[in-house]
Amino acid sequence: MQTRTPTLLHRALWYVRATWPPLMLAAICAVSALAHGSAWWIGLWLLGTLTLVLDSRARYGEFRELRHSVRVATGLSGEALARFRAARSTWCSRRAALAAAQAEGFGVEARALVASWGYKPWNVFPDRAISSQSPFLRVGFWRSVLGLRR
């Protein structure tokens, strides 16, 4: 008889799978901090690393919430679809949403939905990143990155 209780390793693998974009960027920042001799640059790189680690935790929370919604809806419909659509504007959120759908067995449907919206694998910047409506200039974006918005 197989149990559905996830092991620590299983949860860790899903964590990495759902949050690899900010984790990868955090690792790059950490290595960059080691490569610089100036305290000013080291501080900036470490601040970037901390921000990306917090973003990783926030994306994992998003992954867990969306996974639960997909499980309850038994697919990408209703509230699960609304949450999935809400997660489409940034690379990190899209990755967490795709991982949540994959974890519940709806990965093919989720990838087809993302492709139908016109997103490609190289779309890493948030929607409208280079415009006057850039999310980088919005408090809500940074609250989401730091995991302060629920």
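The values are calculated or read from the model by the stated rules, or taken from the named source; none is laboratory data. Since this is a predicted model, take the numbers as computed values, not measurements. Please note: Cβ atoms are built from the backbone with ideal geometry, for glycine as well, and neighbour counts cover all protein chains shown. Accessible surface areas use protein heavy atoms only, side chains included; no ligands, DNA or RNA. Shrake-Rupley method; radii C 1.70, N 1.55, O 1.52, S 1.80 Å.
Some notes on this structure:
- Some residue of segment 48-58 being in contact with a helix residue (DSSP H, G or I) (Cβ under 7 Å, 6 or more places away or on another chain), modelled with pLDDT of 90 or more and more than 20 Å from residue 143 (Cα to Cα): no
- Selection count, segment 123-150, where residues are more than 15 Å from the chain's Cα centre (by Cα) and assigned to a loop (DSSP other than H, G, I, E, B): 8
- Beta carbons closer than 6 Å, at least 6 apart along the sequence or on distinct chains, pair a first residue in segment 96-109 that is over 18 Å from residue 11 (Cβ atoms) with a second that is open to solvent by 10 Å² or more (accessible area, probe 1.4 Å) and outside any helix (DSSP H, G or I) for 106/76; 109/76.
- Flag if residue 121 is free of Cβ contacts under 8 Å to residues at least 60 places away in the same chain and either surrounded by 20 or more Cβ atoms within 10 Å (Cβ to Cβ) or in contact with a helix residue (DSSP H, G or I) (Cβ under 6 Å, 6 or more places away or on another chain) (or both): no
- The one condition in (1) surrounded by 14 or more Cβ atoms within 10 Å (Cβ to Cβ); (2) in a loop (DSSP other than H, G, I, E, B) that residue 113 fails to fulfil: (2)
- Note on segment 47-85: residues that are surrounded by 15 or more Cβ atoms within 10 Å (Cβ to Cβ), over 17 Å from residue 144 (Cβ atoms) and aliphatic (A, V, I, L, M) amount to 5.
- Residues satisfying the stated conditions in segment 134-150, i.e. of a type outside the set (Lys, Arg), open to solvent by 100 Å² or more (accessible area, probe 1.4 Å) and over 19 Å from residue 26 (Cβ atoms): 137, 139
- Residue within segment 6-23 that is crowded, with 17+ Cβ neighbours inside 10 Å and of a type in the set (Val, Ile, Thr) present: yes
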